[in-house]
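*Asks:* First, the structure itself, so that you have it in front of you.
We did not get these values from a lab; they are worked out from the coordinates using the rules stated. Note that the coordinates shown come from a computational prediction; the quantities given were computed from them, not determined experimentally. In this analysis, Cβ positions are derived from the backbone assuming ideal geometry, glycine residues included, and neighbour counts consider all displayed protein chains.
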Protein chains: 2
Amino acid sequence: MSTRQEAPALRIHGTIARDLGIAIIAGTYAPGELLPGDIASAGQLKVSRTAYREAVRILAAKGLVESRPKAGTRVSPMSRWHLLDPDVIAWSLQGQPGEDWIRDLFELRLTVEPAAAELAARRRDAGDLVEMKAALDAMAQHGLAVPEGQAADQRFHHVLMRATRNAHLISLSSSIEAAVAWTTIFKQRNRALPRDPMPDHVALFDAVAAGKPAAARKAMTVLVRGALSDTELSFLP
Amino acid sequence: MSTRQEAPALRIHGTIARDLGIAIIAGTYAPGELLPGDIASAGQLKVSRTAYREAVRILAAKGLVESRPKAGTRVSPMSRWHLLDPDVIAWSLQGQPGEDWIRDLFELRLTVEPAAAELAARRRDAGDLVEMKAALDAMAQHGLAVPEGQAADQRFHHVLMRATRNAHLISLSSSIEAAVAWTTIFKQRNRALPRDPMPDHVALFDAVAAGKPAAARKAMTVLVRGALSDTELSFLP
DNA sequence: CGCAGCCTATATGTCTGATTTAATAATCTC
DNA sequence: GAGATTATTAAATCAGACATATAGGCTGCG
């Protein structure tokens, strides 16, 4: 509290939803707890009720809170949170996510991404392959230590997901991609990239390009497991 | 338009977000198209600007629209939509989803749920098994034609997902469960449940109870494929 | 002729404060 | 004491004003 926001000027509403979301996810407000009435909260945050209420709408849309007349606005049980919402993921990472969180995320990746790679190997067209190859070359050229290389990495995975032709899968992986981008920052902080991820990526691309679903699945599994081991969480099966 | 909402009285804001969301997903507003200025829209919908703007906030939180000062509020490209958001799923189903949508959903189920069943077989505890057994018995007793039986079915799957101990997986499956509940209605409309789903459920339960991950995975695959064939979409690999 | 930088119009963003509604809690009746 | 009634409260809605950021046009220079 009492942090003066001198510069931000406008754009308050996105900031306040973010801050509140982070606080809720971090556990500052326990599930079931009810937030101070909007009149009080707004005053405390130095914003109008309108801005505060719109922020609460955003949080409600993501399942973090639930507000009903008279009852007040209370934090929803964690089981109702939309954990795979891109913003919720970002907010989770903002507050140093627990090991459980990261473990669960990688478990999901190990479930979804190999299956997606398999589908991509079946359905990719020539255009997809061109784009993937370009991204792969960019990765090789810049390396994953610099932003350009990281962007190419994301592009590679995004095109791969698009090649599945499955809108739900694309949507899901987009959410995860955002999370991965963040966890990459984590990785960089801990050690200095001990492993060269390029061979795994090349193997994956080759399998997809060759149209070999089983090989693509296996290559992606290897790739994700490698990413996992870079995160210092090696207690998965 | 011009549907008089005589009864609802309050609760306008949820209604307006829902209606707008359905319209957007149904394609009434094409991606890229920009909605009438909020002053105009609010007038047209007979609500105050505040209510309308809060509704737009909800849609923005789900990635359906994006609004910036001066530029106006425009429908986001479909690739940014949070397709797995429970509300977005519900809205999609409201407007008769395309075959693609259902196919993609089942493809996702075939990816996620067998993996989840495998995890559940590894991590379930005695309490989980008790709950699952109870739900199973209720299903057998009532049958899937009545609401009680359908509720038991959902309970069964929910407990199974909870037994994975993976928060992300639980969140994801919760979204899908909601969709499944709706598609079940579709099923009922078309044919009169030609297949008895109980044996599949029993096999799945037995595998999970016995702690056999591979068997659980296979049983779940069979179960989901069965559900798929009940939906008259048999063009999956 | 083309482009950089300023300018202005406009739609969103924000604020204030009053009013209405619905759900809870306290009260009252039988 | 059980059930119906009223009071209370916080959210929901409304209305109208002001602030601000930015798209798109304008100006002037190279």
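*Asks:* Would you mind listing the distances between the A:GLY43 label point and the same position in each other copy? Use 7 Å along Cα-to-C-beta, nm, one decimal, shortest first.
*Replies:* 3.7
*Asks:* Rounded, prolate or oblate, given the Cα gyration tensor of region B:97-229, with a/c below 1.5 counting as rounded? Working shown, then result.
*Replies:* Details: a/c = 1.68, a/b = 1.26, b/c = 1.34.
Taking the square roots of the gyration eigenvalues as a ≥ b ≥ c, region B:97-229 is oblate.
*Asks:* Starting from a label point 7 Å past Cα on the Cβ side, list the distances from A:ALA26 to the same position in the other copies, nm, shortest first.
*Replies:* Once sorted, the set of distances for A:ALA26 reads 4.4 nm.
*Asks:* How high is the relative contact order of chain A? Use alpha-carbon pairs under 8 Å, at least six apart in sequence, and give a whole percent.
*Replies:* On the way: 267 pairs, mean separation 46.1, N = 237.
Answer for chain A is 19 percent.
*Asks:* Calculate, in nm to one decimal, what B:ASP137 and B:GLU99 gain on full extension: separation in residues at 0.36 nm each, minus their alpha carbon distance.
*Replies:* Values: separation 38, 0.36 × 38 = 13.68 nm, distance 3.34 nm.
Taking 0.36 nm per residue and subtracting the Cα distance, the gain is 10.3 nm.
*Asks:* Taking the dipole about the Cα centre of region B:12-80, with the C-beta of Lys and Arg at +1 and of Asp and Glu at -1, give me whichever of B:ALA51, B:VAL75, B:SER41 is farthest to the positive side.
*Replies:* Ranked along the dipole, the leading option is B:ALA51.
*Asks:* Right, another one. Using a Förster distance of 30 angstrom, determine the FRET efficiency expected from the C-beta separation of A:LYS70 and B:ALA23, and round it to 0.05. Present the calculation step by step, with values, prior to reporting the outcome.
*Replies:* Details: r = 31 Å, r/R0 = 1.04.
For A:LYS70 and B:ALA23, the calculated efficiency is 0.45.
*Asks:* Moving on. With unit charges on the beta carbons (Lys and Arg positive, Asp and Glu negative) and the dipole taken about the Cα centre of the protein assembly as shown, which residue among A:ALA216, B:VAL180, B:THR164 sits farthest to the positive side?
*Replies:* Of the options given, the answer is B:VAL180.
*Asks:* Here is a follow-up. Mind checking which helices in chain A clear 15 Å along their axis (Cα) and have mean Kyte-Doolittle hydropathy of 0.0 or more, DSSP H runs only?
*Replies:* Passing helices, by number: A:12-26, A:49-61, A:126-142, A:167-190, A:198-210, A:213-229.
*Asks:* What order do you get for A:141-147, A:71-77, B:217-223, B:108-114 when each peptide is scored by the mean count of other beta carbon atoms within 10 Å, highest first? Don't skip to the end; give the middle numbers.
*Replies:* Details: A:141-147: 12.9, A:71-77: 16.1, B:217-223: 20.7, B:108-114: 23.3.
Ranked from most to least packed, the peptides come out as B:108-114, B:217-223, A:71-77, A:141-147.
*Asks:* Can I ask one more? Work through the residues other than B:HIS142 whose Cβ is under 11 Å from its Cβ and net out their charges, Lys, Arg +1 and Asp, Glu -1. Walk me through the intermediate numbers first.
*Replies:* On the way: positive: none; negative: B:ASP137, B:GLU148, B:ASP153.
Spelling it out: positives minus negatives among the neighbours equals -3.
*Asks:* May I ask you to report, in nm to one decimal and beginning with the shortest, the distances from A:GLU148 to the same position in the other copies, taking label points 7 Å along Cα-to-Cβ?
*Replies:* Inter-copy label distances (nm, one decimal, shortest first): 6.8.
*Asks:* If I take R0 = 22 Å and measure r between the Cβ atoms of B:GLN44 and A:ARG49 in this structure, what FRET efficiency does the formula 1/(1 + (r/R0)^6) give, to the nearest 0.05?
*Replies:* Working: r = 25 Å, r/R0 = 1.15.
The pair B:GLN44/A:ARG49 has a calculated efficiency of 0.30.
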